[in-house]
Each structure stands twice: as C-alpha cells, then as structure tokens.
C-alpha cells in the first residue's frame, strides 16, 4: 500500500474566467452534452430501444468504444439547434 508520501503526477490549476458564463449558455451546453450521452447510451444498448421486445437478447454487449460516430439517430441539424 502506498504510504501517501508520493507526489501526484497531475497538477491541477484553478482558473477563474474573466467573464461569467451566462445561464442560457450553461443550459445549452448541458442539453447538448445530455444528448450526446443519450446517443452513446442508445448506441451501446440498441436492444433497449427496439420496439416490441420485452427482453434483451442474450450474448455479448458492445462497449462504448464500439459505438460508431456515424451511426446516430439525430441529424447534425438537430444537434446544431442547441449550439
């Protein structure tokens, strides 16, 4: 077990922005991020979003690294409306 005497390899800095970010921009960023997370989750678990199926199929599930970026359900226009 490490004794806690080693220094961290990472250095964290806290920088305060000169201008505060407006609440509307923070809301927009949150919606876009939530949409990307939802798209990645849906891509990783397509069996959960297929109509008419009660049980997920047995077999291996894909990791998030296997989700292709071009196979998305939202168009770029839909995502752009939040930018």
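Using a simple spin-label model with pseudo-atoms 7 Å out from Cα toward Cβ, residue 6 and residue 45 lie 3.5 nm apart.
Show me the ranking of peptides 28-35, 6-13 by mean Cβ neighbours inside 10 Å, starting with the highest.
Working: 28-35: 13.0, 6-13: 5.5.
Highest to lowest by the protection proxy: 28-35, 6-13.
With the convex hull constructed from alpha-carbon coordinates only, the range 1-41 shows a mean projected area of 6.1 nm² over all directions.
May I ask you to compute the full-extension gain from residue 21 to residue 35, defined as 0.36 nm times their residue separation minus their alpha-carbon distance, rounded to one decimal in nm?
Values: separation 14, 0.36 × 14 = 5.04 nm, distance 2.07 nm.
3.0 nm is the gain from fully extending residue 21 to residue 35.
Only the coordinates and a few stated rules stand behind these numbers; no lab work does. Worth saying up front: this structure is predicted, and the values here are computed from it rather than measured. FYI the Cβ positions are ideal-geometry reconstructions off the backbone, even for glycines, and counts take in every protein chain you see.
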